[in-house]
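Here's the structure, in structure tokens; my notes come after.
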Amino acid sequence: MEANTRNTGRLPAAFLTPGSSSFLDFLSEHSPELLPGKRPLPPVQGAIEAPHGTTIVAATFPGGVVLAGDRRATMGNVIAQRDIEKVFPADEYSAVGIAGTAGLAVEMVKLFQLELEHFEKVEGTTLSLEGKANRLSTMIRSNLGMALQGLAVVPLFAGWDVDREKGRIFSYDVTGGRSEERGFAATGSGSVFARGSLKKLFREDLTESQALTLVVQALYDAADDDSATGGPDMARRIYPVVTVITDEGFRRLTEAEASEVARAIHERRLEEPDGPRAALL
């Protein structure tokens, strides 16, 4: 059948049959072995050693939402990579930050991007932000088998809700359970420390600039107490990936902008090593 398709130049019948607007459903029906959670793993004893992404943080402000991640990936007690990227645009008005098994997480994000693009092309409209969050929940749930073998993916999803005209944040557990977070959120190994920092410094009336500073402060605090989280690396010029999503869409801070925020915080930390103690950013 494949040979005939190549000879005639025609698409297989599966591509011409009306069906779901979900690319994930299409792939599950016609080539389920291509889905990350459906691939068989070789028999192994003990935990599988693979690079893991760590801390992701997010915070809302009146004009949108900020999503940021550190740059370190670890494998056991070893630093596997110092400049990994963990925050990606999902579409024009949303983004995903990944924590967990790095390879699977990046593949899941690419599949999620394709899922949203496929829906838009088939239906002629975009999913609501809540609809996108639900689609991501389904994808995480399909990875449960891998998660039970130690290859978990636990993302943070954030975006601008066009209908409600505000920024929103959604967190997940390994089973695909979804929760909307109010104000701020964190996931990954350093999330306990990052959340404490966010709780201390967050205000409802933050400006965009203050929200950007807030999330980098939280990553700095997480790196201070969690060895798997990497703080700004001034010597190597490696800074957190910081993104902002507003009614104008997704925007990633340039290297120069991220450097400016990180260096300003670093200079303040030379005088206050434990960081600001009140909501003064």
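The values are calculated or read from the model by the stated rules, or taken from the named source; none is laboratory data. Please read these numbers as outputs of a predicted model, since none were measured by experiment. Glycine gets a Cβ as well: all are built from the backbone with ideal geometry, and neighbour counts include every protein chain shown. For the accessible areas, the whole protein counts, side chains as well, though only heavy atoms, and no ligand, DNA or RNA atoms are used. Shrake-Rupley method; radii C 1.70, N 1.55, O 1.52, S 1.80 Å.
In nm, to one decimal, how far is the Val122 label point from the Asp274 one, both placed 7 Å along Cα→Cβ?
Label-label distance for Val122 and Asp274, simple model: 5.4 nm.
Starting from region 85-178, pick out the GluC sites (Glu not before Pro) whose DSSP state is loop and whose Cβ has at most 10 other Cβ atoms within 10 Å.
Of the GluC sites (Glu not before Pro), the ones in loops of region 85-178 whose Cβ has at most 10 other Cβ atoms within 10 Å are Glu165.
Could you let me know the centre-to-centre spacing of region 116-134 and region 182-261, using Cα atoms, in angstrom?
First find each Cα centre; the distance between them is then 28 Å.
Determine the gain in length on full extension of the stretch Arg82-Asp205; use 0.36 nm per residue of separation and subtract their C-alpha separation, reporting nm with one decimal.
The Arg82-Asp205 span can extend by a further 40.9 nm.
In Å², what does the accessible area per residue of region 133-212 work out to with a 1.4 Å probe?
Value for region 133-212: 45 Å² per residue.
Within 10 Å of each candidate Cβ there may be at most 12 other Cβ atoms; applying that plus a DSSP loop requirement, which trypsin sites (Lys or Arg not before Pro) in region 153-252 survive?
Arg164, Arg182, Arg236, Arg237
Could you pull out every one of the lysines with an alpha carbon less than 17 Å from that of Lys86, ignoring same-chain neighbours closer than 8 positions?
Leaving aside lysines fewer than 8 places away in the same chain, those within reach of Lys86 are Lys110.
In nm, give the distance between the simple-model label positions of His266 and Asp225, each being 7 Å from the Cα along the Cα-to-Cβ direction.
2.4 nm
Over 5 Å intervals from 0, what percent of Cα-Cα pairs in region 172-281 sits in each interval?
Result, from short to long distances: 2, 11, 20, 24, 23, 12, 5, 2, 0 percent.
At a 1.4 Å probe radius, carbon and sulfur cover how many percent of the accessible area of region 184-253?
45 percent
Could you state the principal axis extents of the C-alpha atoms in region 86-209, from the largest down, to the nearest angstrom?
Here the Cα extents, ordered largest to smallest, are 41, 38, 21 Å.
Which GluC sites (Glu not before Pro) from region 203-273 combine a DSSP loop assignment with at most 12 other Cβ atoms within 10 Å?
The qualifying sites are Glu204, Glu248.
Just to be sure I understand the model, the point goes 7 Å from the Cα along the line to the Cβ. What's the resulting Asp163 to Glu49 distance in nm?
Between Asp163 and Glu49, the simple spin-label model gives 4.8 nm.
For region 77-86, take each phi angle, set θ = phi - 60°, evaluate the Karplus expression 6.51 cos²θ - 1.76 cosθ + 1.60, and give the result in whole Hz per residue in order, putting x for glycine and proline.
9, 10, 7, 7, 7, 9, 10, 5, 9, 10
Work through the residues other than Lys86 whose Cβ is under 10 Å from its Cβ and net out their charges, Lys, Arg +1 and Asp, Glu -1.
0
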